[in-house]
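The values are calculated or read from the model by the stated rules, or taken from the named source; none is laboratory data. Predicted, not measured: the structure shown is a model, and the values here were computed from it. Heads up, the Cβs are rebuilt from the backbone with ideal geometry, glycines too, and the neighbour counts pull from every protein chain shown.
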């Protein structure tokens, strides 16, 4: 999954390590927390970035590409 609407109304993006670290620093963002659990690969998109659709589009594209590069989970 590339993105996740969090239970707290925050948009979360799944990013690879280098991009995630850069995102956290650049936007003074945090890892996403869903149902009380920190999601280590997901960043919570700050409100200010939601208004900057051009920048958000770039991060969204990275998120989608990363998610597509992952192996599918085996169904039980």
Matching option when the condition is surrounded by 10 or more Cβ atoms within 10 Å (Cβ to Cβ), at pLDDT 95 or above and in contact with a helix residue (DSSP H, G or I) (Cβ under 7 Å, 6 or more places away or on another chain), among 15, 24
15
Which condition number does residue 33 fail, the rest of (1) within 24 Å of residue 69 (Cβ to Cβ); (2) surrounded by 10 or more Cβ atoms within 10 Å (Cβ to Cβ) being met?
(1)
